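K.L.:
One structure, as structure tokens, below. Some questions next.
Laboratory data are not the source of any read-out in this text; all were calculated from the coordinates shown. Remember, predicted model here, so these are calculated numbers, not experimental data. Note: ideal-geometry Cβ built from the backbone for every residue, glycine included; neighbour counts use all protein chains shown.
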Amino acid sequence: MLSRVAENIYWLARYLERAEDTARLLSVTSNLLLDLPRPTKLGWSEIIAITGNDELFNEHYPVRDEASVLSFMCGDTRYSGSIISSLAAARENLRTTRDVIPREIWEEVNQLYLNVKEQVEAGITPRRRDAFLGRVIRSCQTVTGLIEGTLSYTPARTFLMLGRQLERADMTTRVIDVRSANLLPRSPEDLTPFETLQWMSVLKSLTGYQMYRQHVRLRIRGPDVLRYLLQDRHFPRSVACSLEQLAAGLRTLPRHETALKEVEACLKHLAEADILPLAAEPDRLHAFVDEIQLDFIELHEAIHHTWFNGPHDVQAQQQQ
């Protein structure tokens, strides 16, 4: 497989996963805010913090209200991580690799992009928000199903999986970082009666609530949620599970030693994490997540240098 084709497929998967995860995050946040009293600190501003694009948002929007955040996250082409930008990039990467990807996948992604573009041009109002986000999530799931059911076990499928799993792990750490900074008490007096509800939203934003209840079988507490989302080897959206799936894919490729070494180092980092202190100290958890994010950057760089076109600006690629 040409390195250019492999790279396009890798980024196709990352953009699709980014669009789906962004839609999930917005959907769960909107529902959570309906359940919380108005004085609570959690709000739409947290969504912008998760993306790490505060400066860009502040440049174009005067306030962080629902309408502004929805506009920025769903339909603002100036933000490369918005749903419309992610789908446009996924569509373009797929268009250039249609000879190795089944036609049904192209048709679904193309139709999703056109529908989202039409709805964005019409305006994403709070009344239409849930239907819009639901459409994005279901269509991305449909694409994943088509990949699983129609794409042969070739390097093309492997590079799709690498992109999806790395992007999924990245989003999980971002959600943990920002939400935990808001949830974790800085003093005993900061504990609120809504803490459990907020931790539930963290799980739901990663579609992990039901599986957590089935496998952990404990009431929802911060340390248990963190341990589940960081270290559980069976939940598909946990960081550890995503990386193990990624490692399995790497082993099927030639010259995988460097990238696999990065994955194993990150998994060791996760396994050695002392969850209780992390759950008790927001600053300590934030520093730990930063370290994991650096592991992801090094892993992406190893993948790029091994199979794509040589040295590349990783930070710029991460923000595409």
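K.L.:
Taking θ = phi - 60°, what integer Hz values does the Karplus form 6.51 cos²θ - 1.76 cosθ + 1.60 yield along the range 133-143, in sequence order, with x for Gly and Pro?
P.N.:
Calculated HN-Hα couplings, in order: 5, x, 5, 4, 4, 5, 5, 5, 5, 4, 4 Hz.
K.L.:
Running a GNM on the chain with Cα contacts under 10 Å, which residue among Thr172, Thr125, Thr158 ends up with the highest mean-square fluctuation?
P.N.:
Among Thr172, Thr125, Thr158, the largest mean-square fluctuation in the Gaussian network model of the chain belongs to Thr125.
K.L.:
Report the Cα-based extents of the range 154-320 along its three principal axes, largest first, to the nearest Å.
P.N.:
53, 31, 28
K.L.:
Related question: For the chain, set up a Gaussian network in which alpha carbons nearer than 10 Å are linked by springs, and say which option among Gln198, Gln231, Gln141 fluctuates the most.
P.N.:
Gln141
K.L.:
Which of Arg174, Arg128, Arg237 moves the most in a Gaussian network model of the chain with Cα springs under 10 Å?
P.N.:
Greatest mean-square fluctuation among the candidates belongs to Arg128.
K.L.:
Continuing with the same structure: If the only charges are +1 at each Lys and Arg Cβ and -1 at each Asp and Glu Cβ, what is the size of the charge dipole of the range 154-320 around the Cα centre, to the nearest 20 debye?
P.N.:
So the dipole magnitude of the range 154-320 works out to roughly 860 debye.
K.L.:
About the Cα centre, and with charges only on the beta carbon of Lys, Arg (+1) and Asp, Glu (-1), how big is the dipole of the chain? Nearest 20 debye, please.
P.N.:
That gives the chain a dipole magnitude of about 1000 debye.
K.L.:
Toward the positive end of the charge dipole of the chain, about the Cα centre and with charges on Cβ (Lys, Arg +1; Asp, Glu -1), which of Trp106, Ser45, Leu25 goes farthest?
P.N.:
Trp106
K.L.:
Please work out the Cα center distance from the range 80-142 to the range 204-242, rounded to the nearest Å.
P.N.:
Comparing the Cα centres of the range 80-142 and the range 204-242, I get a distance of 28 Å.
K.L.:
So what's Rg/Rh here for the range 54-94, counting alpha carbon atoms and using the Kirkwood radius for Rh? Can you show the working numbers first?
P.N.:
Numbers: Rg = 11.0 Å, Rh = 10.6 Å.
Reported Rg/Rh (Cα atoms, Kirkwood Rh): 1.05.
K.L.:
For the chain, would you read off the P(r) tail past 31 Å as a percentage of all alpha carbon pairs?
P.N.:
When all Cα pairs of the chain are counted, 29 percent exceed 31 Å.
K.L.:
What relative contact order, as a whole-number percentage, does the chain give when Cα pairs under 8 Å and 6 or more residues apart are counted?
P.N.:
Relative contact order of the chain: 22 percent.
K.L.:
Return the aspartates and glutamates within reach of Lys261: Cα separation strictly under 15 angstrom, same-chain partners fewer than 8 residues apart disregarded; answer none if there are no such residues.
P.N.:
Glu244, Asp295, Glu298, Glu301
K.L.:
Okay, moving on. Need one number: convex hull volume per residue for the range 1-151, Cα atoms only, in Å³.
P.N.:
Hull volume over Cα atoms, normalised by residue count, gives 113 Å³.
K.L.:
Name the aspartates and glutamates eligible as straight-distance cross-link partners of Lys117: C-alpha to C-alpha under 12 Å, and not fewer than 8 places from it in the same chain.
P.N.:
Asp76
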